[in-house]
Each structure stands twice: as structure tokens, then as C-alpha cells.
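These notes are about the structure you will find just below.
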Amino acid sequence: MADLAGRLLEGLPEAAVVLDPDVTSAYSHDMAGFCVAGEPAVLVLPETVEQVQHILRTATELRVPVVPQGARTGLSGGANAVDGCILLSMVRMNRILELDPVNRIAVVQPGVVNAELSRAAAEHGLAYPPDPSSWESCTIGGNIGTGAGGLCCVKYGVTSEYVLGLDVVLPDGRLLRTGRRTAKGVAGYDLTRLLVGSEGTLGVVVEAVLALRPAPAPQLALAAEFPSADAACTAVCEVMAAGFVPSLLELMDATTVRAVNEMARMGLPDATKALLLVAFDGPGKAEDLAAVAELCRAAGASEVVPAADRAESDLLLEARRLALPALDRLGTTMIDDVAVPRSRMAEMLRGVARIADRQRLTIGMVCHAGDGNTHPVVVFDATDEAQSARALESFDEIMALGLELGGTITGEHGVGLLKRDWLARELGPVGLELQRQIKAVFDPLGIMNPGKTI
């Protein structure tokens, strides 16, 4: 360790190299449960590209594993330490280098917080649409690493659709520049898309060129109460089949509605078995919302509450923002992330309810219904070994159900440690072999975030 620290200090200031075990331990994991974290050798916090290059050259020379990190808000264990590794925290590389309203791009370092970029873009009448729930704390580098999504992805898409180009330090210290700054560009293989979602297993992002969009108008929302999850899912299918493009389309099941009611006293009736939240931000949003209200009633909604203005919309959407905090009050939570075709979301909800009954656990469902991305939240007592074991079993059963329904094991949280075995099942042997060969091209020594994804 002394040799490693000494070599690192040859190219880093003393304050950027941390050996204190209490500090390194605090940085050794993200927010995922059931994921082991090793004991890192050192934590480094670079501030320049050259410092990152020095760190990776040193790691390559000494054959030391490197675990890149952002804000560690991830939910898959992708930022967890392995024994003897260099924890490479990118949070000090946090500058917005350029914001260009003519070309509608931002050039940023990886440690920029998502919400800070959004606020900076808003000053120019622009927006950076990807909006993870942790947007006030998660970083752009972490969003790129996991391919993050968010509440408004049904209309605006996920992180990969906004990353135009990347500067990436490879394991041997070379600097790779991918992509473009132009609106269009198809030169060569799309290495940018390959790197988005690679979870730090191929290299370290040190700069990103991001696409911006004109800032949308404030949303107008409605809340629709349903007597069953099936009815709510029918409404979702009808809304999408009719050609509407909502800016938000979220669903909460009975367990989640009950938890939010108990926490915030929102006055939702006990008969509400699913709550659908729909919002529009386009020029005809009032008319679109009225039409969707009729579709909800036709699908069986027991109550439809439209907002008259932005303030009322914010009040309605508060229920969705409170969903995870409300479920957290019930015990330890494990948040899953399985995406299925919209047309099979009702089957997903029914299947998860059966798993909850069979495992004698509380499992709440929060869904980005517009794109079929479901978040089953398993609630259990972490001090109870039997309950913890059943929670793990339910996790596996939920993964299997998602694949059975033609879905994917992760829509936006990434694979990390938590879903590594399931990734192999989803990809199949040929896909897995090719991905490992790609990994070997970028990282022949296997030092980049080892043990994660593949």
C-alpha cells in the first residue's frame, strides 16, 4: 500500500490521496443492499484529466484494480469497492466547461450534479431532460455510467440519447475521444453509445458533450384512481395506443398508495388499488389532459382529478415523489428495476403481487408506466435472517418474471454486482462472449471495476 500511495503521490497533490480507513470505508459502497463491498487500498480524488491519466497508468503498472465512482447514489453495487482497489472518485471534477445555446450542447466534467446542469441550462431557456429521482445529488458521470433514466423519459428519453461525445481515459492512461459536437454524425462504430451504461468497466469518463433541448412549458397533471391495477394498466395502454405523448405517466400500486396515505394523509380512499399520474407539457396540454381523463374513466377509473394550474399539478405529483420515502418507513427496502413491454405491465404487477403473498413480504410497485419500467420495492426486516432470505428469493423471482414477460433485468439502474448473474441469462452465451471480448479490448488486464456487470 505504501508503494501504491507513493506512486500515486508522484502525480497527485497530497489532499487527493486518502488512506484513512474510516474515510475509505465510507466511500466503499453505493446505496444498493445485499451487495458486498471490499476493503479499498486508497481513495483518490483527482481534479484534472492529467491526474486521472496518472492514476490509471499507475494502476496498470502495479496491476491494481480501479473502481470509478460518482456520487454513489446507485442501486446496483456498481460503485462498490473490491479488496485492495483504488477508489477513483470523480466528484471534484465538477465544472460546466461550456454551455452553447446556438448548438444546444453542454460540455461538462463528470462530477457535475444533474440538477446543477439543469439549472444552468434553464438560464438559457434550455433543458437537460434526463431526470433521475436522485437528480439533486447524482452526477452526470454516474448517470452516464449506469445509463440513467427518470420520470420524464416517456417523452424525452434516457441518458444515452443525450450523450453526443465523451473523453475517456483508458486503463493504460491514453485519452480516447468519441462522438461529436454536431447535431448529426455517423463516422465509425458508435463507441459513445457503447461507453454509456458500461459502469466504469471500460474506462473513466472525464468530459462529456451533452445535447440540450428547449425548456418545456410547466406540466399540467391529473391523478386517476382505479379499483384495480389491471384497470390502470388498461388506461396506460389506451393512452399510448391513442398516440398521446405525455411528459409523465406514472403508476403506483395499492401497497404504495396505502404507504403514501399513511405518511402524508393525502385522503385517497381505501378502495384505490392503483393511482395513475399523467402530465403534459405541450401547447395543447389542457385538451390532451381532458382526453386522457376520458380514457381513464372508460378504463374504469373511480375518480379522475385534473389540475387547473401548475400549483395544483405539483400537489398531485407530490404523491409520486413521496412513494419511496413512504415505503422506506415500513422497513429496509430493496428497490428493483425491471422493464417490460407496456402491454404486459399488468401481468408484471399481478406476478409481483403473487410473489409478495408467497414470500409473506410487503412489495410495493412504483412504475414509469409510460415506458414499462417497473420498480418493485421489497420491504423486509434486515435483522430477521428468514425475512432477508425471502427478500433475496423474491428478488430472483421478480427477475425471472421480467424476463419471462419479454422484458429486461434493468431499465435504468444498471447491473453492477446485484444483477451480474441475471445479465448472463438475459444476454445468452453468444452475447456474453462478445461483451467479454469487447471488455478485453478496452481493459486487457481486467483492472477496471472488476467483478461488475460481466
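The values are calculated or read from the model by the stated rules, or taken from the named source; none is laboratory data. Quick caveat: nothing in here was measured; it's all calculated off a predicted structure. Backbone-built Cβ (ideal geometry, glycine too); neighbour counts: all protein chains shown. Quick note on the areas: whole protein, heavy atoms, side chains included, nothing else; ligands and nucleic acids left out. Shrake-Rupley method; radii C 1.70, N 1.55, O 1.52, S 1.80 Å.
Some points to look at:
- Flag for Arg354 being within 30 Å of Tyr156 (Cβ to Cβ) and either open to solvent by less than 50 Å² (accessible area, probe 1.4 Å) or basic (Lys, Arg) (or both): no
Residues checked against (1) without any contact (Cβ under 8 Å) to a residue 40 or more places away in the chain; (2) within 26 Å of Ile140 (Cβ to Cβ):
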{"position": "Ala346", "(1), (2)": "no, no"}
{"position": "Arg350", "(1), (2)": "no, no"}
{"position": "Ile363", "(1), (2)": "no, no"}
{"position": "Ala389", "(1), (2)": "yes, no"}
{"position": "Phe395", "(1), (2)": "no, no"}
{"position": "Ile398", "(1), (2)": "no, no"}
{"position": "Leu401", "(1), (2)": "no, no"}
{"position": "Ile409", "(1), (2)": "no, yes"}
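- Highlighted here are the helices (runs of 4 or more DSSP H) found entirely within region 343-454 that include at least 3 residues which are within 20 Å of Ala323 (Cβ to Cβ) and of a type outside the set (Phe, Trp, Tyr): 345-359, 385-404.
- For region 327-344, the set of residues classified as among the hydrophobic types (A, V, I, L, M, F, W, C), open to solvent by less than 30 Å² (accessible area, probe 1.4 Å) and touching a Ser or Thr at 6+ places or on another chain (Cβ under 7 Å) consists of Leu327, Val338, Ala339, Val340, listed by residue number.
- Flag if Ser198 is under 26 Å from Val66 (Cβ atoms) and either open to solvent by 10 Å² or more (accessible area, probe 1.4 Å) or over 23 Å from the mean Cα position of the chain (by Cα) (or both): yes
- Test: Ser89 is modelled with pLDDT under 95 and among the polar types (S, T, N, Q): no
- Residues of region 182-238 that are hydrophobic (A, V, I, L, M, F, W, C) and free of Cβ contacts under 8 Å to residues at least 40 places away in the same chain: Val186, Ala187, Leu191.
- Whenever a residue of region 104-133 is over 21 Å from Lys155 (Cβ atoms), its partners that are aliphatic (A, V, I, L, M) and assigned to a loop (DSSP other than H, G, I, E, B), lying with C-beta atoms within less than 7 angstrom and at least six residues away or across chains, give the pairs Gln109/Met93; Pro110/Met90; Pro110/Met93; Gly111/Met90; Gly111/Val91; Gly111/Met93.
- Thr383, sole failed condition from (1) polar (S, T, N, Q); (2) open to solvent by less than 30 Å² (accessible area, probe 1.4 Å); (3) without any contact (Cβ under 8 Å) to a residue 12 or more places away in the chain: (2)
- The one condition in (1) assigned to a helix (DSSP H, G or I); (2) open to solvent by 50 Å² or more (accessible area, probe 1.4 Å); (3) polar (S, T, N, Q) that Gln53 fails to fulfil: (2)
- Hits in region 103-117 (condition: open to solvent by less than 20 Å² (accessible area, probe 1.4 Å) and closer than 15 Å to Ala208 by Cβ): Ile105, Ala106, Val107, Val108, Gln109, Pro110, Gly111, Val112, Asn114, Leu117
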